[in-house]
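The values are calculated or read from the model by the stated rules, or taken from the named source; none is laboratory data. Predicted, not measured: the structure shown is a model, and the values here were computed from it. Heads up, the Cβs are rebuilt from the backbone with ideal geometry, glycines too, and the neighbour counts pull from every protein chain shown. Remember, those area values only see protein heavy atoms, side chains included, never the ligands or the DNA or RNA. Shrake-Rupley method; radii C 1.70, N 1.55, O 1.52, S 1.80 Å.
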Amino acid sequence: MSEFHPSFWAALTGWFLAQLIKMISCFLRSGKLDFSYLMSTGGMPSAHTSMVCSLATSIGLHEGFSTPLFAIVVCFASVVMFDAQSVRKAAGEQAKLLNQIVYFYWG
């Protein structure tokens, strides 16, 4: 296990904590413990964003914040976060339209 860079474990931990927060949040709302949230996609907090932010922070701390590697990871994180935000926005607009269609036909 020690053959993995600490940044790998930081990224994995960031992802896991985001998923765990989703599961706990669902438990507090519904009173039911649903372990499927540990592997689910979507929702807040974003596990993708948590993972890339943890990775970027760890790389910065281990390799230096002025290294080319850190610049690459920050660019990667920016693309992931932008795409996640864009997908959420598009899904929200599509859900709004679907709700209007359902209301029109069965409302």
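Some values worked out for this structure:
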{"quantity": "Close pairs (6 angstrom Cβ cut-off, 6 or more residues apart or separate chains): closer than 15 Å to LYS89 by Cβ and of a type in the set (Val, Ile, Thr) in the range 39-52, part of a helix (DSSP H, G or I) and open to solvent by less than 40 Å² (accessible area, probe 1.4 Å) anywhere", "calculated": "THR49/ALA84"}
{"quantity": "Extreme residue, nearest to LEU20 (Cα to Cα), among residues of the range 44-60 that are open to solvent by less than 70 Å² (accessible area, probe 1.4 Å) and not in a helix (DSSP H, G or I)", "calculated": "PRO45"}
{"quantity": "Criterion: in a loop (DSSP other than H, G, I, E, B) and exposed (fewer than 12 other Cβ atoms within 10 Å of the Cβ) - qualifying residue of PHE82, PHE4, PHE65", "calculated": "PHE4"}
{"quantity": "Which numbered condition PHE70 misses (of (1) closer than 14 Å to GLY14 by Cα; (2) open to solvent by less than 50 Å² (accessible area, probe 1.4 Å); (3) without any contact (Cβ under 8 Å) to a residue 40 or more places away in the chain)", "calculated": "(1)"}
{"quantity": "Where GLN100 falls short, out of the listed (1) assigned to a helix (DSSP H, G or I); (2) open to solvent by 90 Å² or more (accessible area, probe 1.4 Å); (3) closer than 22 Å to PHE8 by Cα", "calculated": "(3)"}
{"quantity": "Some residue of the range 46-55 being of a type in the set (Val, Ile, Thr), more than 15 Å from ALA10 (Cβ to Cβ) and either at pLDDT below 95 or under 13 Å from the mean Cα position of the chain (by Cα) (or both)", "calculated": "no"}
{"quantity": "Residue, surrounded by the fewest Cβ atoms within 10 Å (Cβ to Cβ), within the range 26-43, restricted to residues that are under 15 Å from the mean Cα position of the chain (by Cα) and part of a helix (DSSP H, G or I)", "calculated": "LEU38"}
{"quantity": "Count - residues of the range 56-107 that are touching a His at 6+ places or on another chain (Cβ under 7 Å) and at pLDDT 90 or above", "calculated": "1"}
